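Here the structure comes first, spelled out in structure tokens, and everything after it is commentary.
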Amino acid sequence: MNAGMRWKLAVPLIGLSLLMVVPAVYGTWVFWADFGNTYRSLSVVICLALVAQLGLAVSIGVRPTRDVPWLRIGLIALAFLLACGVAAVRRSV
């Protein structure tokens, strides 16, 4: 897979990751004092999962590979599902 194809695949994933990371980090920072330690901890876990997702999306464009990086794409989807699951738990706290 050449560099152009890698970046064509990576750019939408980076954009979607940024659409999730920026509000999560901003919301955690803004509402830090309004909630208890459990809510804060879960917010940090969400932010870490989404930052890892962003890192994986960037790595698709940066790291050369011969084939489509299905493992990294799957890990991006897994990080998204993890963040959604933790957000559901956080909402119930």
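The values are calculated or read from the model by the stated rules, or taken from the named source; none is laboratory data. The structure displayed is predicted, hence computed values, not measured ones. Note: ideal-geometry Cβ built from the backbone for every residue, glycine included; neighbour counts use all protein chains shown. Heavy atoms of the whole protein, side chains included, go into the accessibility calculation; ligands, DNA and RNA do not. Shrake-Rupley method; radii C 1.70, N 1.55, O 1.52, S 1.80 Å.
With an 8 Å cut-off on Cα pairs and a minimum separation of 6 or more residues, tell me the relative contact order of the chain in percent. Mind dumping the intermediate values first?
Working: 85 pairs, mean separation 38.3, N = 93.
RCO, the chain: 41 percent.
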request  = Give me the number: length gained by fully extending Ala88 to Arg40, i.e. 0.36 nm times residue separation minus the C-alpha to C-alpha distance, one decimal in nm.
outcome  = 15.9 nm
ask   = Quick one: Karplus J couplings for the range 75-81, per residue in order, coefficients 6.51, -1.76, 1.60, θ = phi - 60°, nearest Hz, x for Gly and Pro?
value = 5, 5, 5, 5, 5, 5, 5
ask   = Per 5 Å bin, what is the whole-percent P(r) computed from every C-alpha pair distance within the chain?
value = 3, 14, 23, 20, 14, 11, 8, 5, 2, 1
task = Name all residues of the range 65-86 having a backbone nitrogen under 17 Å from the label point set 7 Å from the Cα of Met5 along its Cα→Cβ direction, giving them as ranges.
result = 65-73
key: Computed log₁₀ I(q)/I(0) - Debye formula, equal Cα scatterers, no solvent, the range 37-77, q 0.16, 0.20, 0.29, 0.31 Å⁻¹   = -0.48, -0.62, -0.94, -1.00
ask   = Ordered by residue, what ³J(HN,Hα) values in Hz, to whole numbers, does the range 61-74 give under the Karplus form 6.51 cos²θ - 1.76 cosθ + 1.60, where θ = phi - 60° and Gly and Pro are x?
value = x, 8, 7, x, 8, 7, 10, 5, x, 4, 4, 5, 5, x
message = Please list Thr38, Thr28 from largest to smallest accessible area, probe radius 1.4 Å, with all protein chains kept in place.
response = Thr38, Thr28
